[in-house]
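Notes follow once the structure below has been shown.
The values are calculated or read from the model by the stated rules, or taken from the named source; none is laboratory data. These numbers come from a predicted model, not from an experiment. Backbone-built Cβ (ideal geometry, glycine too); neighbour counts: all protein chains shown. Keep in mind that these areas ignore ligands, DNA and RNA; they rest on the heavy atoms of the full protein, side chains included. Shrake-Rupley method; radii C 1.70, N 1.55, O 1.52, S 1.80 Å.
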Number of protein chains: 2
Amino acid sequence: MSDFTAKEVVEAAERIKNVVHKTPIFTSETIDRFAGCHVFFKGEHLQKTGSFKARGACNAVQLLKEAGKTNGVITHSSGNHGQGLSYAARAAGLPCTVVVPRTAPPSKLEGMKAYGAEIILCEPTMKSREETCEKVATERGLTIVPPFDDQVIMAGQGTAAVELLDELPNLDAVFLAVGGGGLAAGMATYIKQTKPNVQVYLVEPNGKGLHIYLENGQIRGDLDSLNTIADGIRVLRVGANPYPILQKYCKDTILTVGEEEIKEAVALIWTRLKQRVEPTAGVPLAGLLKMAKEVGFALKGKNVAIILCGGNCDLTFLPL
Amino acid sequence: MSDFTAKEVVEAAERIKNVVHKTPIFTSETIDRFAGCHVFFKGEHLQKTGSFKARGACNAVQLLKEAGKTNGVITHSSGNHGQGLSYAARAAGLPCTVVVPRTAPPSKLEGMKAYGAEIILCEPTMKSREETCEKVATERGLTIVPPFDDQVIMAGQGTAAVELLDELPNLDAVFLAVGGGGLAAGMATYIKQTKPNVQVYLVEPNGKGLHIYLENGQIRGDLDSLNTIADGIRVLRVGANPYPILQKYCKDTILTVGEEEIKEAVALIWTRLKQRVEPTAGVPLAGLLKMAKEVGFALKGKNVAIILCGGNCDLTFLPL
C-alpha cells in the first residue's frame with residue numbers, strides 16, 4: 001500500500017474540481033460549548049448527490065474516460081455510492097448501471113434514476129449483489145467501480161481533506177465515521193503526509209471492533225452487516241486497500257459509540273446547525289462528545305473538524 | 001408612513017453588522033427544474049437565534065442603547081421574536097424579560113433562557129400577553145420592543161434585502177412569507193426603492209385574505225390566529241406600520257397557499273437542500289411552485305430569491 005500517497009489525492013482534487021462542490025463549513029456556539037473545543041463541520045451532505053461518495057466516483061469515472069477504456073460503468077449499492085456513480089457517469093457522458101437490493105428505500109432508487117442510471121434489482125444479500133454485478137458487467141462489457149476498496153476511490157474521497165486543510169490551516173484534529181474505510185484512508189493519507197500533527201480520529205458504531213482488528217494485524221473476515229442506525233457504515237470490515245493505511249495512521253485514534261449517542265448527535269446537528277444530515281453523519285460528533293466527557297480531554301480548546309458525510313435519509317426518519 | 005425609506009434599512013444594516021450573520025445562499029438543480037427558474041434560498045434559519053427576527057431586535061436594542069434611555073427590554077412572544085430579543089439584549093449587555101404563553105413549546109423557552117432572558121408565563125391569549133407585558137414594563141421601567149409593528153423593527157428585518165441584492169445583483173423577484181408584515185415591509189421598501197424592477201411576492205396561508213384587505217384599504221380588525229402549520233405567521237392582521245407599505249408595493253403580488261402545499265415545500269427543502277427549516281419557511285416556495293404551474297408563468301427562466309425565514313422547530317416535527 002506504500003504506493004498510495006498524498007500526491008494521488010492532490011491529483012484527484014484537480015481532476016474532479018469542475019464536477020464536485022467545494023462544500024461549506026458550519027459552526028455552532030452551543031455545540032462548541034458542549035464539546036469544549038472549536039468545532040468545524042464540513043458539509044459533505046451538500047456535496048453533489050448528497051454525500052462525499054460523489055468525489056470518489058467522479059475520480060474513478062474521469063480516469064476511465066481519460067483512458068478511453070470503458071463503454072460504461074456498473075456497481076452494486078443500496079445507497080450513496082450508487083447515486084455518486086450515477087452522477088459521475090452522467091457528468092462524463094457515460095452510461096451507468098446500478099445493481100440494487102430489492103429492499104433498498106425508494107428514495108435512493110429515485111436518486112439514481114434521476115441521474116439517468118439503469119437499475120437492476122437483486123436479492124438483498126452481498127452474494128447476490130456481487131454475483132449480479134459481475135454477471136451484468138461481463139455480459140455488457142461494463143467497468144465495475146467499487147464503493148471503497150480501490151485506490152482511485154480512496155484518492156477521490158480524500159479530496160475532502162485537501163479543501164479542509166486549505167480552509168482551516170490551524171486544525172488540530174479531524175473526526176470521521178468509518179465504514180469500508182475509503183474516506184478514512186484517503187483523508188488520513190493526505191492529512192498525515194502533509195500535516196502530521198493533525199490527528200485523524202475514526203469513529204465506529206458498537207460491534208465493529210476496528211481497533212481490535214487493526215491491533216491484530218488481521219482484516220475482519222465476515223461479510224455481515226452491523227445492526228446500526230448509521231446505515232452508511234453497516235459494512236463490518238474495512239477494505240484491503242484502506243486497511244494498512246488505517247493501521248499506519250489511525251490505530252490509536254479509534255472511538256466507538258452507541259446508538260443513543262449517535263441519535264443525540266444527529267439531533268444536535270439538526271436542531272443547532274439546522275442541517276438535515278443522515279444518521280451516519282452523527283457518528284463523528286458522537287465520538288467527539290464522548291471523548292470530551294473524559295477527564296483530561298486532550299482536545300480542550302482546540303480546533304476540531306467533523307465530516308458531515310451525507311444527507312440522504314427518508315423524510316419520515318427521526319433521530320429518536 | 002412616507003417617512004420610512006430605504007435609508008433607514010441601510011442605516012440598520014450598518015448598525016447591526018457586528019452582531020448578526022450575513023447568511024448564506026443555497027441552491028438545488030432539482031428545485032430549479034420543478035420551479036422552472038433559478039431559485040436562490042437565503043438561509044435566515046442560520047441567522048443568530050435561528051431566524052431573521054434577530055435582525056430587527058438587534059436594531060431596536062442597539063438604538064435604545066445608543067440613546068442611553070433604557071434599563072432593559074421586554075416583549076411578549078411564543079417564539080422567534082422572544083429568542084431574537086433575548087440575544088439582542090445579551091449582545092448589548094442589557095437585561096431582557098419575555099412574557100411567554102403557558103402553551104409555548106419548551107424548546108422556545110430554552111432558547112430564550114440560554115440567552116439569559118427572564119421568562120414570565122401568561123395565559124395563551126393575546127389579551128393576557130399584552131396586559132402582562134405592559135404591567136411588567138411599567139412596574140420595572142422596561143422598554144417594550146414589539147415583534148413587527150414598528151419602523152425600527154421593520155428596518156432591521158429589511159437588512160436581509162441589503163445582503164440579498166448585494167450578493168445577487170441580477171435578481172428578478174423575491175418571495176417571502178407574510179405574517180405581521182415587519183420583514184415584508186422592510187424588505188419591500190429597500191428593494192422597491194433601490195431596484196424598482198425586482199418584484200416582491202408575499203405568500204400567505206389560506207384564510208389570511210391579505211389581498212382583500214390591501215384592496216379594501218382596511219386593516220383586518222380581528223386579533224385571532226390562523227390555524228396553520230406555519231406557526232411563525234399565525235397572526236391574522238399585518239401591523240399598522242407595515243400596512244401602507246405593503247399596499248403600495250405588494251398589492252398585486254400576493255399569493256395564497258394551502259397546508260398541503262406548505263408541507264410539500266418544506267419536504268423539498270429538507271430533502272433537496274438538506275436544510276432543516278421550520279414550517280413557515282416552506283411558505284414562499286409553496287407560493288412559487290404554485291405560480292410556476294400556471295400557464296404563461298411570468299418568472300420562467302428568471303432569477304428568484306426565497307427567504308428561508310427560520311429553523312426553529314421541535315425535533316419531532318415532520319412535514320407529513
Average other protein chain Cβ within 10 Å of Cβ, residues A:87-96: 0
Using a ≥ b ≥ c from the Cα gyration tensor of segment A:120-227 (square roots of the eigenvalues), is it rounded, prolate or oblate, where a/c under 1.5 gives rounded and otherwise the larger of a/b and b/c decides, a/b for prolate? oblate
Could you pull out every residue, at least 5 positions away or on a different chain, whose amide H is within less than 5 Å of the one on A:Cys309? Hs are placed 1.01 Å off N in the peptide plane, and Pro or chain starts have none. A:Ala281
Whenever you get a sec, line up A:Arg272, A:Arg129, A:Arg102 from highest to lowest accessible area (probe 1.4 Å, protein heavy atoms). A:Arg102, A:Arg272, A:Arg129
Under the rule rounded for a/c under 1.5, else prolate if a/b exceeds b/c, else oblate, using alpha carbon gyration tensor axes a ≥ b ≥ c, chain B is classed as prolate
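What is the antiparallel percent of DSSP beta bridges lying wholly in chain A, to the nearest 5?
Working: 4 of 33 bridges.
Looking only at bridges with both residues in chain A, the antiparallel portion is about 10 percent.
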When each copy gets a label point 7 Å from Cα toward the beta-carbon at A:Gly221, what are the spacings between them in nm, shortest first? 8.5
Determine ³J(HN,Hα), in whole Hz, for all residues of segment B:262-273 in sequence, where each value follows from phi through the Karplus function 6.51 cos²θ - 1.76 cosθ + 1.60 and θ = phi - 60°; x replaces Gly and Pro. 5, 4, 4, 5, 4, 4, 5, 5, 5, 7, 9, 7
Could you tell me how many cubic angstrom of Cα convex hull volume segment A:14-65 has per residue? 84
How far is the Cα center of segment A:143-203 from the Cα center of segment B:229-249, in Å? 50
Can you list the HN-Hα couplings for segment A:90-103, worked out from phi with the Karplus curve (6.51, -1.76, 1.60; θ = phi - 60°), rounded to whole Hz and with x for Gly and Pro? 4, 4, 9, x, 10, x, 9, 10, 10, 8, 10, x, 4, 8
Carbon and sulfur: what percent of chain A's accessible surface (1.4 Å probe)? 49
Which order do peptides B:84-90, B:285-291 fall in by mean Cβ count within 10 Å, highest first? B:84-90, B:285-291
Of B:Cys96, B:Ala265, A:Tyr213, which is farthest on the positive side of the dipole of the protein assembly as shown, counting Cα position, with +1 on Lys and Arg Cβ, -1 on Asp and Glu Cβ, and the Cα centre as origin? B:Cys96
Just to check I understand the Karplus step: with θ = phi - 60° and J = 6.51 cos²θ - 1.76 cosθ + 1.60, what whole-Hz values come out for segment B:293-303, glycine and proline as x? 7, 5, 5, x, 3, 5, 9, 4, x, 8, 9
Heavy-atom accessible area per residue, the protein assembly as shown, 1.4 Å probe: how many Å²? 39
Please compute the length gained on full extension between A:Thr103 and A:Glu139, using 0.36 nm multiplied by the number of residues separating them and subtracting their Cα-Cα distance. 10.5 nm
List the residues whose amide H sits under 5 Å from the amide H of A:His76, counting only those 5 or more places along or on another chain, with H placed 1.01 Å from N in the peptide plane. A:Val99
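Can you give the relative contact order of segment A:171-285 as a percent, counting alpha carbon pairs under 8 Å and 6+ residues apart? If you can, show how the numbers build up before the last one.
Details: 196 pairs, mean separation 38.3, N = 115.
After rounding, I find 33 percent.
R0 = 30 Å: FRET efficiency of A:Ala298 with A:Glu215, Cβ-based, nearest 0.05?
On the way: r = 20 Å, r/R0 = 0.68.
The formula returns an efficiency of 0.90 here.
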Ordering B:Asp166, B:Asp222 by how much accessible area each has at a 1.4 Å probe, largest first, what is the list? B:Asp166, B:Asp222
Measuring nothing but label to label, 7 Å from Cα along Cα→Cβ, what are A:Glu259's distances to the other copies in nm, shortest first? 3.3
From the label point of B:Lys293, set 7 Å from Cα along Cα→Cβ, how far away are the matching label points in the other copies, in nm, ordered shortest to longest? 4.9
Kirkwood Rh and Cα Rg combined as Rg over Rh, evaluated for segment A:18-177: 1.04
Those residues of segment A:1-32 for which accessible area with every protein chain present is at least 50 Å² below the isolated value (1.4 Å probe): none
Looking only at other chains, what is the average number of their beta-carbon atoms within 10 angstrom of each beta-carbon in B:185-197? 0
For the pair A and B, the solvent-accessible area buried on both sides (1.4 Å probe; DNA, RNA and ligands excluded), in Å² to the nearest hundred, is 1800
Using a 1.4 angstrom probe on the protein heavy atoms only, could you order A:Ile144, B:Ile120 from most to least accessible area? A:Ile144, B:Ile120
Straight-line reach only, C-alpha to C-alpha below 21 angstrom: list the lysines that B:Lys274 could link to, leaving out same-chain residues fewer than 8 apart. A:Lys22, A:Lys42, A:Lys48, A:Lys53, A:Lys108, A:Lys113, A:Lys263, A:Lys274, B:Lys22, B:Lys42, B:Lys48, B:Lys263
Quick note, segment B:190-300: a/c under 1.5 would make it rounded; otherwise a/b > b/c is prolate and the rest oblate (a ≥ b ≥ c, C-alpha gyration tensor); here it is oblate
Taking amide hydrogens as modeled 1.01 Å from N in the peptide plane, which residues meet the under 5 Å criterion relative to A:Val203, leaving out close sequence neighbours? A:Leu176, A:Ala177, A:Val178, A:Leu255
